[in-house]
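Scroll down for the structure; my scribbles are underneath it.
The values are calculated or read from the model by the stated rules, or taken from the named source; none is laboratory data. Just so it is clear, the model here is predicted, and its values are computed rather than measured. A quick note on method: Cβ atoms are made from the backbone with ideal geometry, for glycine too, and the neighbour counts reach across all protein chains shown. Side chains are part of the model used for accessible areas, which takes the heavy atoms of the whole protein and leaves out ligands, DNA and RNA. Shrake-Rupley method; radii C 1.70, N 1.55, O 1.52, S 1.80 Å.
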Amino acid sequence: MAKKANNEPTCSFCGRPAGMGGAFLIPSPFDPSTMICSECVEQVHEIIAEQEKLKADKNKKKVPVGTSIPKPKEIQEFLDQYVIGQDSAKKYLSVAVYNHYKRLSQPTDDEVDIEKSNIILVGPTGTGKTLLAKTIARLLDVPFTIVDATVLTQAGYVGEDIESLLTRLLQAADYDVEAAERGIVFIDEIDKIARKGDNPSITRDVSGEGVQQGLLKLLEGSVVNVPPQGGRKHPEAKMIPVDTKNILFICGGAFDGIDRKIAQRLNSNVVGFSNEIARKNKDKVNFLKHVAPQDLKSFGLIPEIIGRLPILTSLEPLDRDALRNVLTEPKNAIIRQYKKLFKMDGVELEFTDDALDLIVDKAIEYKLGARGLRSIVETIMIDPMFELPSKKTKKFVVDAKFALDKLIEANFETTAAAQQ
């Protein structure tokens, strides 16, 4: 037993004498001369609890097998609770995620090696690309992360290395490499790394074509050395090897202007002075639903990366009815969020139908999509959110006149346009 010179008993672990810092000694039932202090007992308890938590988290991230795999229709039904419309994109995503689960539960000795099917989503801003990805994350039992392609640059240049997007996945998996290698990565703004023309770049395009070249090995599947803290690689830094063979990549982008390339391919150009009606009908056509791999190539994606994104689907621009439903129908609908905020202050918030119609009309007029609805509602509600918590108001009604006045005050709307 550890003792001081005066034979005072001490903790066999830390050498702390009895009474120091309020600690007391607990003797061993097998050897009374061996003691442990209460402080060491608490530390041991914390270490055991932390290890049990890590073990539980690791088991939780294991991909379910057999009947526990969510079926494609179940995945789509879950998406329907949060995302309005976009049935085609939901179907593609549901099947891809379902097949991803099945690939991970496939026996390693199977003669048929099922290849992963990475996805690329094409659609205007505010149509729900990122929302679909975030909603999928609510359902999944695999690590999931969303990364932005605009910050990536080719290795050796200012910006983040391509491998840094896997750092986000490692962080989502609590640095459990085995779990991260079964995860899903959503790469947003993939259109921003398109090269400037359809021809190969003469000069180095370090944030465009260079990034596309660097993404090839990740999308295809290879062992990549990942910096654990992200940022730039350093020769002396410790790297974590990650195999991307079983990581599903979902890419999304607005691809602004690709509809003109689709129209050219479909030979939809209207020629002549007598075809004004045809020209108006052409403008109403959603060319994105006809998007094909050759259109992505014309936009600036290299053929190699297009080949590694075999599933191509588009999101439709939201019409007036869809935008109206976005305001009120989903579980996380914008109006429901504001009602919840006011309810926490004891205020009942109500939007009239004409106010909701005005908000939708302005979102269409400003061409902001579903994302613009939040900006418009926030502009309308900023004064009530500032004033009502200090008042004893029990109910507050937002009508079209109030909404329009607030938009005019915030310079969203001019008085002349409002009178029209």
### Message
Taking R0 as 56 Å, what FRET efficiency do you get between GLN337 and GLU111 from their Cβ-Cβ distance, rounded to the nearest 0.05?
### Response
0.65
### Message
Suppose each label sits 7 Å from its Cα in the direction of the beta carbon; what would the ASP87-ASN225 distance come out to in nanometres?
### Response
5.1
### Summary
Given a Förster distance of 41 Å, the FRET efficiency implied by the Cβ-Cβ spacing of SER33 and ALA137, rounded to the nearest 0.05, works out to 0.15
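Pull out the extension gain between LYS392 and ASP361, defined as 0.36 nm times the separation in residues minus the alpha carbon to alpha carbon distance; nm, one decimal. Could the numbers behind the result be given before it?
Working: separation 31, 0.36 × 31 = 11.16 nm, distance 3.26 nm.
Here the answer is 7.9 nm.
Is there a pair in LYS192/LYS289; LYS134/LYS289; LYS129/LYS395; LYS71/LYS245 whose C-alpha atoms are over 26 Å apart, and which pairs would that be?
On the way: LYS192/LYS289 21 Å; LYS134/LYS289 23 Å; LYS129/LYS395 36 Å; LYS71/LYS245 23 Å.
Where the Cα-Cα span goes over 26 Å, the pairs concerned are LYS129/LYS395.
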### Task
Pick out, in residue order, every one of the GluC sites (Glu not before Pro) in region 72-166 that is DSSP loop and has at most 16 other C-beta atoms within 10 Å; say none if there are none.
GLU111, GLU115
### Message
About the Cα centre, and with charges only on the beta carbon of Lys, Arg (+1) and Asp, Glu (-1), how big is the dipole of region 330-394? Nearest 20 debye, please.
### Response
420
#### Entry: Label point 7 Å beyond Cα of ASN325 along Cβ direction - residues of region 76-112 with amide nitrogen under 17 Å
76-92
#### Entry: Residues whose placed amide H lies under 5 Å from that of VAL224, excluding near-sequence neighbours
VAL242, ASP243, THR244
### Query
Which value in nm describes the separation of the simple spin-label points at GLU304 and ALA18, placed 7 Å from the Cα toward the beta carbon?
7.3
### Query
What is the spin-label model distance, in nm, from LEU266 to ASP243 if the labels are put 7 Å beyond Cα along the C-beta direction?
4.4
### Task
Compute the length gained on full extension between VAL177 and GLN294: take 0.36 nm times their separation in residues and subtract their Cα-Cα distance, giving the result in nm to one decimal.
38.5 nm
### Task
Compare ARG308, ARG260, ARG374 by solvent-accessible area with a 1.4 Å probe and give them largest first, with all protein chains kept in place.
ARG260, ARG374, ARG308
### Query
Suppose R0 equals 25 Å; then what is the FRET efficiency for SER375 and GLU350 from their Cβ-Cβ distance, rounded to the nearest 0.05?
0.75
### Message
Could you compute how much accessible surface PHE287 exposes when probed at 1.4 Å, giving the result in Å² to the nearest 10?
### Response
20
### Query
For LEU121, which sequence-distant residues (separation of 5 or more, or a different chain) have an amide H within less than 5 Å of its own amide H, given hydrogens modelled in the peptide plane?
CYS251, GLY252, GLY253
